[in-house]
Amino acid sequence: GHLTSVPDRGGVGCVFRHHPPGGPGLDSPVPPRELYVFAERSVRFQTAPVSRFRRIAFCFRFQRDTVYGLIGVVLRATTAEGSTETTLETEADYRRALEGVFGLYLGDDVSPLWKKVWREHLAWVASR
């Protein structure tokens, strides 16, 4: 793929290098952690009212040649050649992206989620 992650020179942390259109990457000085640390943080991220993970609907899918990101109603596909963005303007388009791109089948839960993310998207557009 076009995304790489390698240990830094000191063996602590990671250096993430992206393809040129994706930006400079990220140097993370965080040392390696055991999986249980992420499990503890995950609960906090998913339950704290101030957590961005509760306030903004998003999902990501990393495939060999493409990274897909859905933040609110904006779907981005990033490859080595660049990125494309699509604003999903209907509940049907939103459902198709959740199911077809991310493999998320939410049934009746899509409708209230769609209403929330669409309302938030319109507020964001109006604030710009």
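Some points to look at:
- Comparison of 38, 45, 58, 102 shows that the only residue that is touching a Gly at 6+ places or on another chain (Cβ under 9 Å) and of a type outside the set (Val, Ile, Thr) is 58.
- Test: residue in the stretch 92-107 that is within 18 Å of residue 55 (Cα to Cα), surrounded by fewer than 17 Cβ atoms within 10 Å (Cβ to Cβ) and acidic (Asp, Glu): no
- Checking the stated criteria, residue 72 turns out to be of a type in the set (Gly, Ala, Ser), under 19 Å from residue 94 (Cα atoms) and at pLDDT 85 or above.
- Residue count, the stretch 77-128 (criterion: in a strand (DSSP E or B) and not aliphatic (A, V, I, L, M)): 8
- Given (1) open to solvent by 80 Å² or more (accessible area, probe 1.4 Å); (2) at pLDDT 95 or above, index of the condition residue 44 fails: (2)
- Failed item in (1) touching a helix residue (DSSP H, G or I) at 6+ places or on another chain (Cβ under 6 Å); (2) loosely packed, with under 15 Cβ neighbours inside 10 Å; (3) free of Cβ contacts under 8 Å to residues at least 60 places away in the same chain, with residue 72 passing the rest: (2)
- Residues of the stretch 47-65 classified as modelled with pLDDT under 80, in contact with a helix residue (DSSP H, G or I) (Cβ under 6 Å, 6 or more places away or on another chain) and open to solvent by less than 90 Å² (accessible area, probe 1.4 Å), total: 1
The values are calculated or read from the model by the stated rules, or taken from the named source; none is laboratory data. Only a predicted model underlies this, so the values are computations on that prediction, with no experimental measurement involved. Glycine gets a Cβ as well: all are built from the backbone with ideal geometry, and neighbour counts include every protein chain shown. When the accessible area is computed, the model is the full protein with side chains, heavy atoms only, and any ligands, DNA or RNA have been set aside. Shrake-Rupley method; radii C 1.70, N 1.55, O 1.52, S 1.80 Å.
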